[in-house]
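FYI, it's all coordinate maths here, none of it is from the lab. Quantities reported herein were computed from a predicted structural model and do not represent experimental measurements. Here Cβ is always computed from backbone atoms with ideal geometry, including for glycine, and neighbour counts include all displayed protein chains.
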Amino acid sequence: VQSPTSSHFTLNFTLTNLQYTADLDAPSSRKFISTEKAINHYVSLALVLPIFSVLNNVTFSLRSGRDMDNTGIDAVCSYKNDISIARFDREMVYHELSTMTNGITKLGHYSLEKNSLYIDG
């Protein structure tokens with residue numbers, strides 16, 4: 001029996017109801033910390049998928065969306081992939097996240113830009 005291997009994938013999406021401000025540029029700011037905590041919670045819930053034995057870590061960076069009206073999220077998700085279950089399937093992850101976000105429209109109390117979800121694995 002082989003042990004799970006560590007892997008990662010990137011996840012990108014845009015929040016339309018979070019205006020990008022300068023304090024989202026500062027990882028030590030209260031706004032950045034609270035936003036990161038909330039997004040981490042929602043993303044971790046959405047990524048409870050059968051292919052992941054353990055979702056180890058999600059590291060976020062926040063960026064300005066178009067005209068600073070919204071906030072882009074770039075997440076690197078590290079996980080242990082149990083090769084006895086299945087290989088990483090980017091399309092399955094996209095489908096699961098689409099389902100968990102009401103058709104890529106809601107992530108918790110955040111609104112998502114419909115066509116902004118991208119997964120690179």
Practice problem: Could you check the simple spin-label distance between T99 and E113, using points 7 Å along Cα→Cβ, in nm with one decimal? | Solution: 2.7
Quiz item: What FRET efficiency, computed as 1/(1 + (r/R0)^6) with R0 = 35 Å and r the Cβ-Cβ distance, is obtained for K80 and N17, rounded to the nearest 0.05?
Solution: 0.55
